[in-house]
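First comes the structure, then the notes that go with it.
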Amino acid sequence: MQKPSQTMPKAFPNNMNSYDKISNLPDSVLHNILSLMPTKSAIRTSILSRRWRYLWRDRSIYILILDNSEELASSRYPEEFVGAINLYVNLNHGKEIETLQLFFYPGDQYESDYEKWIEFAVEGGVKELDLDFCHLYLPFILIRGQPLEDRKPFKLPSKLFSCNSLTHLNLSRCDLNLPSNFNGFGSLKVLRLQWVNINDDMLQSMLSKCPILEKLSLIECNDVTSINISAPDLYLKSLMVAHCYACELKIFAPNLQSLHFNADVNEYWFNNISSLVDAIVTAVGTNAYDFDYNRTKILSEIHHVKILTVCSMVLLHIVQALAGEIDPEQAPDLPITFHSLQELQMLIAFVDDSYLSAINTFFTHCIFPCLEKLFIELERHSENPSYEHVEMPMGGYVFDHLKMIKFKNFHGFNQEVRLVEFFLEKAVVLESLVLVAPNESINDNIGNDSTSQSSGGVFPPFHKRKKAPLSILHQQILLLPKASSNAQIFLYEYSEDDRSLQPTHTEIYY
């Protein structure tokens, strides 16, 4: 593991927003900048920060990208967009096509055009097809006076289902109506369905007729009542089930290596998933407080994985299970020992007394004897739940192999400090603890008192200061008790973060 630089980080400027001068520009200026960029580059700016997340959407509503390099058309007006694509299609019959990405709103008057574009791609031997017929980033736009959610989804043309060249198929907000003579996609490796009308029989037909499918994602596909991923010769390596409300989930996939589960499923059966290496089990955005959908039983099914990501609600589900607040048949056999787990990521929405207790309970009843890396992502926009020093229960366990801990979005609140202290006292061979501040001002709505002292906490009132000198905080954290004499502690601004030190799961669907 490459250790972070030991150079003392600089202090925050008085106003973190001034640190990023470009983001401080008015929307009109930023829109003008984005209008000069290729569409794909403009879309990529959405990952910069929450400030940039949706700015690009006002650049162009309708987008079509061809062959991953040529932006065929983009426009804010559907007539211009349709006309440009139709002209290209008419002049390029027989052209070989590698990739086609289409983001467009369905409208009855253009359905024949959509069909022609898709058929054009099929005839060109398209390999990667990405069709979004109701753009995710603008859900409130009215089309001809009718809300998007009330419109009928676009029905895909039957010719698409005879495309044997497809290797990647991404469908969003459309009606998957398989023809009776569907023979499958013999070359398909990646299938992603989001807000797609597909029933149980269609799903089973797709899976049985895509013999080399490696990656399957089902997102918001609520017409599916039973998700049955079962076949001894199934080649599937990666499965995502997110925000689906199925009655049951059955997985019999001996080659499955990666599982991303964030759904409300009444019952599930896992059989022969011994090849599973990594898993994401979260409850964000679902009926997380409904005890009927407790996720803890899944943990006992995947105890052999090497990499795991869980959210804070899953920790609370452990507490619910111990309190007898869920159906005993849905409860796991505790404790759960993850014999092979080397990397754990925890997504903590809010650090207060209850979550501190839940974290302690989690590590008391989930044992990680081989854990080497721990990533904790805190909520970027967070407020200090109290100014008091918080005690955290201490179990009798230790982390014998934990060498690296990284906190993301560390604000310096007393509850967060207590959590840091908790791990420092438990990790007996720890080599590095990395704390990274949020990528924005962390004290915008808090007072400017820099002189008063905390009421029993380790820190001066960091949460009360407009100016947050990291050098002082770093020195304070160095005074915390440590079980490992070799542990080095680093406190960085967001801009100084070592991007090479990242968890395996960097893309998680909420």
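So the values come out like this:
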{"item": "Flag for Cys221 being outside any strand (DSSP E or B), closer than 17 Å to Leu156 by Cα and touching a Leu at 6+ places or on another chain (Cβ under 7 Å)", "result": "yes"}
{"item": "Single residue of the range 350-379 satisfying the filter (in contact with a Leu (Cβ under 8 Å, 6 or more places away or on another chain), assigned to a loop (DSSP other than H, G, I, E, B) and among the hydrophobic types (A, V, I, L, M, F, W, C)) that is modelled with the lowest pLDDT", "result": "Val351"}
{"item": "The range 282-297, residues that are at pLDDT 75 or above and surrounded by fewer than 22 Cβ atoms within 10 Å (Cβ to Cβ)", "result": "Lys297"}
{"item": "Any hit, the range 187-210, residues being crowded, with 17+ Cβ neighbours inside 10 Å, outside any loop (DSSP other than H, G, I, E, B), in contact with a Lys or Arg (Cβ under 7 Å, 6 or more places away or on another chain) and modelled with pLDDT under 90", "result": "yes"}
{"item": "Neighbours by Cβ (under 8 Å, 6+ apart or cross-chain): first from the range 334-346, closer than 24 Å to Val420 by Cα; second of a type in the set (Ser, Thr, Tyr) and assigned to a strand (DSSP E or B)", "result": "Leu344/Thr309; Gln345/Thr309; Met346/Thr309"}
{"item": "Unmet requirement for Ala279, which otherwise passes all of (1) more than 17 Å from Arg192 (Cβ to Cβ); (2) modelled with pLDDT under 90", "result": "(2)"}
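The values are calculated or read from the model by the stated rules, or taken from the named source; none is laboratory data. Nothing here was measured: the structure is a model prediction, and the numbers come from that model. Cβ sites come from the backbone with ideal geometry, for glycine too, and all protein chains shown count toward neighbours.
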